[in-house]
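First up is the structure itself, then whatever we jot down about it.
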Amino acid sequence: MERPHLMASCAPDSPCSCDCFVSVPPASAIPAVIFAKNSDRPRDEVQEVVFVPASTHAPGSRLQCTYIEVEQVPKTHAVILSRPSWLWGAEMGANEHGVCIGNEAVWTKEPVGEGEALLGMDLLRLALERSSSALEALRVITGLLESYGQGGSCREDPTPFCYHNTFLLADRTEAWVLETAGRLWAAQRIQEGARNISNQLSIGTDISAEHPELRTHALAQGWWGGQRPFDFAQVFSLTRQPVRMEAAKARFQAGRELLRQEQGGLTAEVMMSILRNKESGICMDSGGFRTTASMVSILPQDPTQPCVHFLTATPDPSRSVFKPFIFGAGAAQVPQVLSPTFGAQDPVRTQPRFQTQVDRRHTLYRGHQVALGLMESDQDQGQQLRQKQRDLEQEGLEAARGLLSGEWAPPAEKLGALFQAFVERESHVYA
């Protein structure tokens with residue numbers, strides 16, 4: 001028998017959607033793993049791009065995440081994060097070792113609890129800061145799940161919005177899908193081909209790793225009889241799927257078909273076009289939700305080549321610029337994509353939480369808002385703006401191609417400053 005969710009406000013009828021994609025050779029057109037994600041969030045939520053350098057930490061240090069503290073580790077890796085600006089974690093990101101992670105909301109027969117714990121977005125950032133491979137990141141997340149659990153509201157609103165999480169983790173050689181139900185989980189290794197996830201359980205009987213109590217728990221709850229093969233998605237998915245979950249199923253199937261059509265020819269540009277696909281709903285613009293930020297990463301199998309991460313820092317990828325970020329000596333925080341902070345008076349810090357609203361828009365977001373308005377109100381000027389966006393993005397893609405082909409070999413300082421240069425140029429487009 002399915003247990004009811006503990007909080008009606010945490011039910012999956014709330015709007016939600018995200019889509020993650022990965023291509024592992026030979027599905028990729030080049031010898032690289034390609035990762036992509038659309039982050040679909042509340043329409044007015046601002047997503048910032050945050051660079052956090054590698055660091056060392058004193059023994060016994062504690063780390064404040066969005067809601068709770070966890071034990072800090074002695075060393076953390078440099079990360080680039082695309083995150084809702086009110087929280088500590090991230091919707092998607094990468095680290096200096098070429099690990100990329102994206103997360104998705106999911107609801108299962110396992111109820112969502114009321115208590116504040118680690119958000120899925122906190123788990124994502126913690127894994128990036130603490131791992132040097134996709135498999136190690138998976139172990140970090142499952143270990144933290146066991147120690148701290150997952151929970152807490154995932155939006156900046158007095159009405160809680162809670163969910164469990166699925167993750168797509170990738171590195172230079174492979175990818176993993178990790179799907180959770182409370183502290184329980186199942187994982188699937190992807191060593192070749194293309195894969196996507198979209199707000200639903202998708203791991204069937206092909207399970208590469210799992211929580212040691214996963215099957216005994218399913219038996220005890222009467223969800224699985226023990227005779228037929230153990231199908232994780234079938235056993236743990238809600239029997240009566242809400243409308244929003246059915247919509248996610250359609251997006252998942254559309255995404256899988258788009259990947260299938262490009263098998264063997266998947267590139268960063270193809271992934272960007274998939275993220276811009278409005279007909280499928282992958283490029284989300286529905287009611288109170290929309291795609292608030294997007295990311296595509298090229299992770300070359302050759303460890304001597306740098307990974308290239310393209311981030312928008314603005315909503316609606318069909319009218320945004322994917323800008324290249326590369327870890328290097330000159331990498332630093334770009335102020336134009338960093339939201340203002342509010343210290344102890346931040347609505348996420350005061351109790352009860354989220355009783356007031358603050359303006360979290362960063363400089364690039366503000367300029368992009370003006371540009372979107374012009375695109376909608378003035379057709380000629382809108383077309384000119386969109387062309388300037390496309391031209392700028394093409395320059396970034398050409399820079400990545402030159403870098404990976406060996407035709408362009410700038411000093412590390414210039415590589416690290418590449419994202420800042422493109423953000424500044426985009427800002428001038430909107431000025």
### Query
Mean shadow of the range 217-276, computed from the convex hull of its alpha carbons, in nm²?
6.3 nm²
### Reciprocal of mean inverse Cα separation for the range 329-377 (Kirkwood radius, Å)
13.2 Å
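Below 8 Å, C-alpha to C-alpha, sequence gap of six or more: please give me the relative contact order for the chain in percent. If you can, show how the numbers build up before the last one.
Values: 979 pairs, mean separation 80.9, N = 431.
Once normalised by length, the contact order is 19 percent.
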### Query
How large is log10 I(q)/I(0) at q = 0.17 Å⁻¹ when the Debye formula is applied to the Cα atoms of the range 117-255, each weighted equally and without solvent?
-1.04
### Message
If I histogram all Cα-Cα distances within the range 291-397 using bins 5 Å wide from 0, what percent of pairs lands in each bin?
### Response
2, 10, 15, 18, 16, 13, 11, 8, 5, 1, 0
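Carbon and sulfur atoms: what percent of the 1.4 Å accessible area of the chain do they account for? Before the final figure, lay out the partial values.
Values: 8370 of 16870 Å².
Ligands and nucleic acids excluded, carbon and sulfur reach 50 percent.
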### Task
Return one quarter of the surface area of the convex hull spanned by the alpha-carbon atoms of the range 340-431, equal to its mean projected area, in nm².
9.0 nm²
### aspartates and glutamates whose Cα lies under 17 Å from that of residue 414, excluding same-chain neighbours fewer than 8 positions away
96, 395, 398, 424
### Candidate residues 408, 107: accessible-area rank, largest first, probe 1.4 Å
408, 107
### Task
Distance check, please: which entries in 75/323; 109/249; 323/388 exceed 23 angstrom between their Cα atoms?
75/323
### Qualifying GluC sites (Glu not before Pro) for the range 130-223 [loop in DSSP, other Cβ within 10 Å: at most 13]
192, 213
### Task
Would you work out the relative contact order for the range 65-127, in percent, from Cα pairs under 8 angstrom that are 6 or more residues apart?
38 percent
### Task
Would you grab the residues whose amide H sits under 5 Å from the one on residue 48? Only those 5+ places off in sequence or on another chain, please, with H modelled 1.01 Å from N.
83, 85
### Task
Can you tell me the order of 220-228, 289-297 when each peptide is scored by its average per-residue count of other Cβ atoms within 10 angstrom, highest first?
289-297, 220-228
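In the calculated pair distance distribution of the range 141-206, what percentage of Cα-Cα distances lie above 19 Å? The partial results should precede the final answer.
On the way: 893 of 2145 pairs.
So the pairs more than 19 Å apart make up 42 percent of the total in the range 141-206.
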### Query
Quick one: how many Å² of residue 361 are accessible to a 1.4 Å probe, rounded to 10?
80 Å²
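In the P(r) worked out for the range 53-127, what percent of Cα pairs fall beyond 17 Å? Could the numbers behind the result be given before it?
Values: 1425 of 2775 pairs.
Value for the range 53-127: 51 percent of Cα pairs lie more than 17 Å apart.
Kindly report the accessible area of the chain per residue (heavy atoms of protein chains, probe 1.4 Å, no ligands, DNA or RNA), in Å².
Values: 16870 Å² over 431 residues.
Per-residue accessible area for the chain comes out at 39 Å².
The values are calculated or read from the model by the stated rules, or taken from the named source; none is laboratory data. Keep in mind that this is a model prediction, so the values were computed, not measured. Positions of Cβ are generated from backbone atoms using ideal geometry, with glycine treated the same way; all protein chains shown enter the neighbour counts. In case anyone asks, the SASA skips ligands and DNA or RNA and just uses the protein heavy atoms, side chains included. Shrake-Rupley method; radii C 1.70, N 1.55, O 1.52, S 1.80 Å.
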